[in-house]
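**Student:** One structure, pasted below without further comment.
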Amino acid sequence: MNEVLRGIIRTFVRMPQGMAVTLKHLFKKPVTLDYPRKKKPMQPRFMGRHYLERYDDGSERCVSCGLCAAACPSDCIYMEPAENEKGERYAEVFEINLLRCIYCGFCEEACPEEAIFLGHFYEFSNDNRDSFIWTKQDMLVPHPRKDNPFKTLYRRIRHATGIGDKVR
């Protein structure tokens, strides 16, 4: 009988404690976002969607050297090189399997031409597995486009410090 009374007393003592926690958080500002309408700002270091850069004249930067594919730990990049009439190399086929990609950014660091970079876009879910194999046409940045100031600053720092020369 003593145990039953102790249990009842404990219940009536702990119930107001639990309600106090609930009331304490009831009038605070909610931490959740109204996601589809309001999106969380990403950190500058966030690595999301893959993009292939272009030169100012609209031609693609990728020379299909294969360093990004070699640096990729998950082996998700496939490319086939080709040459145009001027003798310049370009990637005839450039594919990334996003189901295998771990978004580490090694491809971005290894590229001597700074042709590939990972942007801040993160909403590319789909219910079809084939849509996660992106081709060059899916990743090419539209031309002309507004230049990203962070990307320009990143390129200047790489060239000033010689980091780009070490990768080559």
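The values are calculated or read from the model by the stated rules, or taken from the named source; none is laboratory data. Computed from a predicted model, the values in this text were never measured in an experiment. With ideal geometry, Cβ positions are generated from the backbone for all residues, glycine too; neighbour counts draw on all protein chains shown.
**Student:** For segment 130-152, give me the residue count where each residue is assigned to a helix (DSSP H, G or I) and at pLDDT below 75.
**Tutor:** Within segment 130-152, the first condition is being assigned to a helix (DSSP H, G or I), and the residues that meet it are 130-132, 136-139, 149-152.
When the remaining residues are screened for being at pLDDT below 75, the result is 149-152.
Residues in segment 130-152 being assigned to a helix (DSSP H, G or I) and at pLDDT below 75: 4 in total.
So that you can scan it fast, the table gives a plain yes or no per residue for (1) polar (S, T, N, Q); (2) closer than 30 Å to M139 by Cβ; (3) at pLDDT 85 or above:
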residue: M1; (1), (2), (3): no, no, no
residue: R6; (1), (2), (3): no, no, yes
residue: P16; (1), (2), (3): no, no, yes
residue: F27; (1), (2), (3): no, no, yes
residue: V31; (1), (2), (3): no, no, no
residue: R49; (1), (2), (3): no, yes, yes
residue: R61; (1), (2), (3): no, yes, yes
residue: S64; (1), (2), (3): yes, yes, yes
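**Student:** Here's something else I'd like to know. Would you please name the residue that is farthest from Q137 (Cα to Cα), looking only at residues in segment 84-110 that are among the charged types (D, E, K, R) and under 22 Å from the mean Cα position of the chain (by Cα)? Reasoning before the result, please.
**Tutor:** Just the residues of segment 84-110 that are among the charged types (D, E, K, R), to begin with: 85-86, 88-89, 92, 95, 100, 108-109.
In the following step, the residues that additionally are under 22 Å from the mean Cα position of the chain (by Cα) were identified as 95, 100, 108-109.
On the way: E95: 9, R100: 19, E108: 18, E109: 22 Å.
Here the answer is E109.
**Student:** Condition test on A115, is it small (G, A, S), in contact with a Pro (Cβ under 8 Å, 6 or more places away or on another chain) and crowded, with 19+ Cβ neighbours inside 10 Å?
**Tutor:** On the way: small (G, A, S): yes; in contact with a Pro (Cβ under 8 Å, 6 or more places away or on another chain): no; crowded, with 19+ Cβ neighbours inside 10 Å: yes.
In short, no.
**Student:** Between residues in segment 123-139 that are within 10 Å of L98 (Cβ to Cβ) and residues that are part of a helix (DSSP H, G or I), which pairs lie under 8 Å by C-beta distance while being six or more apart or on different chains?
**Tutor:** What qualifies is N126/F132.
**Student:** Ok, one more. Evaluate the following for E123: is it modelled with pLDDT under 90 and crowded, with 16+ Cβ neighbours inside 10 Å? Before the answer, list the steps.
**Tutor:** Values: modelled with pLDDT under 90: yes; crowded, with 16+ Cβ neighbours inside 10 Å: no.
Considered against the rule, which asks whether it is modelled with pLDDT under 90 and crowded, with 16+ Cβ neighbours inside 10 Å, E123 comes out as no.
**Student:** To continue, here is another question. Scan (1) modelled with pLDDT under 95; (2) assigned to a strand (DSSP E or B); (3) of a type in the set (D, E) for the single condition E95 breaks and write down its number.
**Tutor:** Looking at each condition in turn, E95 falls short on (1).
**Student:** For segment 40-83, give me each residue that is among the basic types (K, R) and over 26 Å from S125 (Cα atoms). Write out each step before concluding.
**Tutor:** First pass over segment 40-83, keeping only residues among the basic types (K, R): 40, 45, 49, 54, 61.
Once the filter is applied, which keeps residues that are among the basic types (K, R) and over 26 Å from S125 (Cα atoms), segment 40-83 yields only R61.
**Student:** Still on this structure, I have one more. Just a yes or no: is a residue in segment 72-87 assigned to a strand (DSSP E or B) and either of a type in the set (S, T, N, Q) or touching a residue at least 60 places away in the same chain (Cβ under 8 Å) (or both)? Break it down stepwise before answering.
**Tutor:** So the first thing to find is which residues in segment 72-87 are assigned to a strand (DSSP E or B), and the list is 77-83.
Within this subset, residues satisfying the condition of being either of a type in the set (S, T, N, Q) or touching a residue at least 60 places away in the same chain (Cβ under 8 Å) (or both) are none.
For segment 72-87, residues assigned to a strand (DSSP E or B) and either of a type in the set (S, T, N, Q) or touching a residue at least 60 places away in the same chain (Cβ under 8 Å) (or both): absent.
**Student:** Which residues, counting only those in segment 1-57, are surrounded by 10 or more Cβ atoms within 10 Å (Cβ to Cβ) and assigned to a loop (DSSP other than H, G, I, E, B)?
**Tutor:** Once the filter is applied, which keeps residues that are surrounded by 10 or more Cβ atoms within 10 Å (Cβ to Cβ) and assigned to a loop (DSSP other than H, G, I, E, B), segment 1-57 yields L33, K39, M42, F46, M47, G48, R49, E53, Y55.
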